[in-house]
């Protein structure tokens with residue numbers, strides 16, 4: 001049976017498991033910052049999942065069910081993820097950086113299907129593996145080994161994960177400080193980096209120290225404008241969600257207990273969506 005968000009959020013191992021997950025996300029970002037950026041803001045993350053789900057659900061025998069720019073834009077607008085122009089620009093950017101490519105034309109040569117490149121699929125598989133490993137660390141199950149043993153596991157699982165993300169109000173409408181960062185380019189990476197520097201033994205403190213000392217170094221690692229990052233951090237600081245143990249921008253940054261709990265709650269919601277999708281895809285294996 002899949003773990004629900006409340007069970008995950010209350011699990012005593014969640015803090016260490018999610019910290020390890022955040023470290024894995026940081027490593028993925030370091031390996032390929034530009035590709036990881038496709039998943040690093042809320043809007044882009046959802047658009048990427050929509051595109052992947054359309055790809056995995058395509059019917060090669062029916063050109064009308066292939067992933068095309070027009071179908072992608074229609075679904076994005078249907079679910080109110082982004083505007084037509086934003087969705088179109090996203091596709092063009094993914095093509096420009098070779099994250100997706102034109103597939104061979106079908107029976108109607110005027111329609112050019114799109115497909116993710118191998119490197120993009122590897123990135124998505126790594127994202128899925130990190131989250132399955134987190135779930136396994138909570139209950140000792142074997143989701144990760146099941147996933148690795150099935151060549152079709154990603155194609156089977158990802159569309160259901162996308163459905164769950166799109167239909168989740170907590171995912172679509174994150175709260176307070178979390179929302180402040182989710183719509184920032186590389187905002188997901190910002191939060192992962194902050195949380196990866198938190199000692200879980202300090203999670204109960206009102207002001208929880210992170211590993212961030214210099215805004216300049218932080219912005220450089222993130223490939224973000226120092227000015228833009230500093231402005232977002234200032235907004236979060238005014239909300240009481242982050243601060244500095246000493247001189248602003250040149251001492252250890254802390255995150256508030258409220259922000260830390262927001263992050264953990266968001267991870268619990270996401271992990272529950274993934275686990276529900278996993279149980280639906282592989283019921284016999286997970287029950288066994």
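The values are calculated or read from the model by the stated rules, or taken from the named source; none is laboratory data. The shown structure was predicted, so the numbers you read here are calculated from the model rather than taken from an experiment. A quick note on method: Cβ atoms are made from the backbone with ideal geometry, for glycine too, and the neighbour counts reach across all protein chains shown.
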>> When you scan segment 53-62, do you find a residue that is touching a residue at least 40 places away in the same chain (Cβ under 8 Å), surrounded by 19 or more Cβ atoms within 10 Å (Cβ to Cβ) and within 25 Å of residue 259 (Cα to Cα), even just one?
In response: no
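Would you confirm, using the coordinates I've provided, whether residue 71 is in the same structural domain as residue 124 (by TED's automatic domain parsing), over 24 Å from residue 36 (Cβ atoms) and in contact (Cβ under 8 Å) with a residue 12 or more places away in the chain?
Details: in the same structural domain as residue 124 (by TED's automatic domain parsing): yes; over 24 Å from residue 36 (Cβ atoms): yes; in contact (Cβ under 8 Å) with a residue 12 or more places away in the chain: yes.
Against the criterion (in the same structural domain as residue 124 (by TED's automatic domain parsing), over 24 Å from residue 36 (Cβ atoms) and in contact (Cβ under 8 Å) with a residue 12 or more places away in the chain), residue 71 qualifies.
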> Does any residue of segment 237-247 turn out to be over 18 Å from residue 19 (Cβ atoms), in a helix (DSSP H, G or I) and modelled with pLDDT of 90 or more?
Replying inline: no
> Looking only at segment 118-149, which residues are free of Cβ contacts under 8 Å to residues at least 12 places away in the same chain and over 21 Å from residue 20 (Cβ atoms)?
Replying inline: 118, 149
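Can residue 76 be described as farther than 29 Å from residue 5 by Cβ and crowded, with 17+ Cβ neighbours inside 10 Å?
no
For segment 201-221, which positions are part of a helix (DSSP H, G or I) and surrounded by 14 or more Cβ atoms within 10 Å (Cβ to Cβ)?
Answer for segment 201-221, where residues must be part of a helix (DSSP H, G or I) and surrounded by 14 or more Cβ atoms within 10 Å (Cβ to Cβ): 202, 215, 218, 219, 221.
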>> It is to be established whether one or more residues within segment 124-137 are assigned by TED's automatic domain parsing to the domain that holds residue 56, in contact with a strand residue (DSSP E or B) (Cβ under 9 Å, 6 or more places away or on another chain), in a helix (DSSP H, G or I) and buried (at least 17 other Cβ atoms within 10 Å of the Cβ).
In response: yes
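Quick one: in segment 248-264, of everything that is in a helix (DSSP H, G or I) and touching a helix residue (DSSP H, G or I) at 6+ places or on another chain (Cβ under 6 Å), which residue is nearest to residue 191 (Cα to Cα)?
263
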>> Would you confirm, using the coordinates I've provided, whether residue 286 is within 28 Å of residue 131 (Cβ to Cβ), out of contact with any strand residue (DSSP E or B) (no Cβ under 7 Å at 6 or more places or on another chain) and modelled with pLDDT under 85?
In response: yes
> Among 224, 229, which is more than 26 Å from residue 7 (Cβ to Cβ), part of a loop (DSSP other than H, G, I, E, B) and in contact (Cβ under 8 Å) with a residue 24 or more places away in the chain?
Replying inline: 224
> Would you say residue 95 is assigned to a helix (DSSP H, G or I), over 19 Å from the mean Cα position of the chain (by Cα) and farther than 22 Å from residue 36 by Cβ?
Replying inline: no
